[in-house]
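> Input: one structure, supplied below.
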Amino acid sequence: MPAEGVEKILLLRGRLKIRLKQNAEVVGTDERFFDDEDSIKLKDLYNENSQVLDEEDSNDIDLSSYAYQIWQNAIEENAELKDIIPSLPDIVYSTKQSTERKGVIVYTQTAYGNDILTYVDENGNPIQYSQFDLLKMAECLAAEKPVERLKDHFDLVKYGVENIVKNEKLIGGQLGKKTGARYRTYQRLNTFAQENKGKLFDTPDLHRTIDLIYKYPLTEKAKEKLNRQLKSGIDDYSLVLMTNELRLDGTLCLTTEEITEKPPRIICSMGLNEG
């Protein structure tokens, strides 16, 4: 909800009440727009109770924003981390004390350009957790001391990466984070195709482009160009023309061969041990 100064300009609360009243008159006052739980949440939002959404499913949290905030908090507390962390080598690892479980959290960037966390227990079995839950499991304070790693830590990392690669192939069509160029471009083009179904702009070229973006990651050239254009507010039709041109040039997406040749990148791992 807007701050009070903005609220005076927008009169948003009043407009919302009027709109709900008008809707009620159309469908009948006996109709319910929200069940009891939703009504409570709506009232809490209306009264600016910021904690009302805390109980929502953690899977709906914008993980990119959450991870970025972790980074921002860290470098504000210790500015030296801004230079230290990017210079760390791949496959860097540590182990934190845990009384609840033993295993390894693996952070991998796949050949498809997806950043994925996975957890493998001490016996090498992948255990399903949400990405948000894995971030919370890896959380520790700056003063927390590392403990001795599990003796087969690196074998568990290997099993974790193999599980990520296997599941990604089974799922397919990974579009990456919602703020990324690939996800945003796919959604824009797909919506454009649905809105123009059966019309002049509903062309085979458009569907070929949409299908290609769904199946394969963008090239760095396409990613850079699309990010720049999306940021500048490109309209849908211009976006269609640009992506079609990139596809015809062979610079829109990585080919199957390029993906196969590119191994997954193990960025880091966090072991969990009793200590």
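Derivation of every value follows stated rules applied to the coordinates shown; laboratory data play no part. This structure is a prediction, so every number in the text was calculated from the model and none was measured. Backbone-built Cβ (ideal geometry, glycine too); neighbour counts: all protein chains shown.
> Sort Y183, Y237 by Cβ crowding within 10 Å, fewest neighbours at the top.
Y237, Y183
> May I pose another question? Which GluC sites (Glu not before Pro) does the stretch 195-234 hold that lie in a coil by DSSP with at most 11 other beta carbons within 10 Å?
Loop-located and lightly packed - none at all.
> Based only on other Cβ atoms within 10 Å, what is the fewest-to-most ordering of L189, L226?
Ascending Cβ contact count within 10 Å gives the list L189, L226.
> May I ask you to derive the FRET efficiency for D202 and S238 from their Cβ-Cβ distance with R0 = 25 Å, giving the value to the nearest 0.05?
0.90
> If you place +1 on the Cβ of every Lys and Arg, -1 on the Cβ of every Asp and Glu, and leave all else neutral, what size is the dipole of the stretch 57-275 about its Cα centre, to the nearest 20 Debye?
500 debye
> Quantify how much of the Cα-Cα distance distribution of the stretch 57-275 extends past 24 Å, in percent.
Tail fraction, whole percent: 53.
> May I ask which of K102/K145; K96/K223; K82/K225 have a Cα-Cα span longer than 25 Å here?
K96/K223; K82/K225
> Kindly work out what percent of the DSSP beta bridges joining two residues of the stretch 57-275 are antiparallel, to the nearest 5.
In the stretch 57-275, DSSP labels about 75 percent of beta bridges as antiparallel.
> Arrange the following residues from fewest to most other Cβ atoms within 10 Å of their Cβ: H207, H153.
Details: H207 13, H153 18.
Ranked by crowding around the Cβ, least crowded first: H207, H153.
> Report, in debye and to the nearest 20, how large the dipole of the stretch 175-275 comes out about its Cα centre when Lys and Arg carry +1 and Asp and Glu carry -1 on their Cβ.
280 debye
> Label Y68 and K215 with points 7 Å out from Cα along Cα→Cβ: what is the distance between them in nm?
Each label point is offset 7 Å from its Cα along the Cβ direction, giving 3.2 nm.
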